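Novice: Take this structure first; my questions come after.
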Amino acid sequence: MKTLKRKTFYLLILLFFGTCMVCYANPLTVKAVQWEMGEQYITDQQQFWDDVEIILDDSTEGALVVFPEYTSVFLALDSYGHIIERHDDFLSAWNEISSVYGHASIRELFIKESLYIHQMLYRWQQLAREYRCYIIPGSFFTYDFDQKALVNRTVVIDPSGTTIYSQDKVFCTPFEEYYCGIEGAAVEDAAPFMINGQKIALTLCRDTFFKQWDPQMGRVDLWIDIKANGAAYDLTEQQRFERGVPVRIKNTGSRYGLTLCLTGSLFDLFWEGESSLKETSGLKVIASETTREYDHFSFVID
């Protein structure tokens with residue numbers, strides 16, 4: 001009888017504190033930045049950081065500021081800006097870079113720029129600390145020495161400048177696999193993370209279309225899909241977007257889903273898409289006013 005009472009007491013304590021954890025989740029302001037990529041950020045990276053600081057300076061302290069996939073990828077090309085500005089297409093620029101610098105592949109280029117990638121990440125950490133906010137700086141290509149693989153990675157940085165979570169893309173695109181040598185990670189390596197007691201899931205672009213994420217992430221308060229959609233945002237693409245975050249949050253009973261798109265162009269590459277916040281029902285709460293240029297919007301998860 002004493003054992004039963006003790007177990008009942010422990011259960012009541014767990015239920016009490018579990019209920020309190022739910023009750024005391026604090027509102028979280030999220031700023032979704034629909035970044036517009038352009039050659040100017042490769043040839044003059046100070047302009048990149050200046051524009052990022054304008055965005056952060058106008059953000060609420062303690063907010064989560066999210067940038068789309070690929071926002072940080074092309075920063076690794078800093079040393080090649082003088083070549084890039086002479087070319088209009090990706091392959092011709094790459095051929096000259098390869099000829100001048102002796103890189104055998106794009107994969108080798110990004111591996112050799114690993115030190116710069118770490119410096120870039122440190123800069124994002126400094127900004128999170130300076131502006132007292134959480135930052136998801138899009139994604140970047142980095143060499144994982146443990147996995148011995150080049151990966152497409154995103155991270156979450158807290159207001160102290162600490163990286164509290166990282167996640168690698170699993171289902172890579174043909175461009176990433178065949179041109180860049182990116183290797184996919186495992187779904188099992190990812191998990192939801194917490195900010196202000198709010199449970200958040202994160203997927204990178206193409207990953208979001210796969211149902212394997214549903215049991216892995218489960219029900220969350222906010223599901224974020226950071227995208228770099230390299231196709232014209234026509235009716236076909238609009239319908240395809242509906243098979244991403246809206247399906248994930250409906251299948252898992254999650255509260256909200258954020259689709260956040262990269263826009264702009266570089267060489268003959270371009271990106272388009274509507275950034276939006278949707279409820280479980282599919283109702284669109286807020287959306288970007290353009291699918292081809294810079295935009296941003298903010299909302300609160302309470």
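The values are calculated or read from the model by the stated rules, or taken from the named source; none is laboratory data. If you're wondering where the values come from, they're calculated on a predicted model, not measured in any experiment. As a convention, Cβ positions derive from the backbone with ideal geometry for all residues, glycine included, and neighbour counts pool all protein chains shown.
Novice: Of all residues in segment 263-302, count the ones that are among the acidic types (Asp, Glu), free of Cβ contacts under 8 Å to residues at least 60 places away in the same chain and surrounded by fewer than 19 Cβ atoms within 10 Å (Cβ to Cβ).
Specialist: 2
Novice: Scanning for something of a type in the set (A, V, I, L, M), surrounded by 20 or more Cβ atoms within 10 Å (Cβ to Cβ) and closer than 19 Å to Val155 by Cα, does segment 34-49 turn up at least one residue?
Specialist: no
Novice: Residues of segment 106-149 being surrounded by 22 or more Cβ atoms within 10 Å (Cβ to Cβ), free of Cβ contacts under 8 Å to residues at least 60 places away in the same chain and assigned to a strand (DSSP E or B), which ones?
Specialist: Listed by number, the list holds a single entry, Thr142.
Novice: Among the residues of segment 193-207, what is the count of those that are out of contact with any Ser or Thr (no Cβ under 8 Å at 6 or more places or on another chain) and crowded, with 24+ Cβ neighbours inside 10 Å?
Specialist: Qualifying residue count, segment 193-207: 3.
Okay, residues lined up against (1) among the basic types (Lys, Arg); (2) touching a Gly at 6+ places or on another chain (Cβ under 8 Å); (3) not in a strand (DSSP E or B):
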residue: Gln216; (1), (2), (3): no, no, yes
residue: Ile226; (1), (2), (3): no, yes, no
residue: Lys250; (1), (2), (3): yes, yes, yes
residue: Ser265; (1), (2), (3): no, yes, no
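Novice: List every residue pair whose Cβ atoms lie under 9 Å apart, where the two residues are 6 or more positions apart in sequence or sit on different chains, the first residue falls within segment 75-93 and is more than 17 Å from Ser265 (Cβ to Cβ) and touching a residue at least 60 places away in the same chain (Cβ under 8 Å), and the second residue, located anywhere, is among the hydroxyl-bearing types (Ser, Thr, Tyr) and crowded, with 18+ Cβ neighbours inside 10 Å.
Specialist: Ala76/Thr142
Novice: Determine if segment 208-225 includes at least one residue that is at pLDDT 95 or above, acidic (Asp, Glu) and farther than 20 Å from Thr173 by Cα.
Specialist: For segment 208-225, residues at pLDDT 95 or above, acidic (Asp, Glu) and farther than 20 Å from Thr173 by Cα: present.
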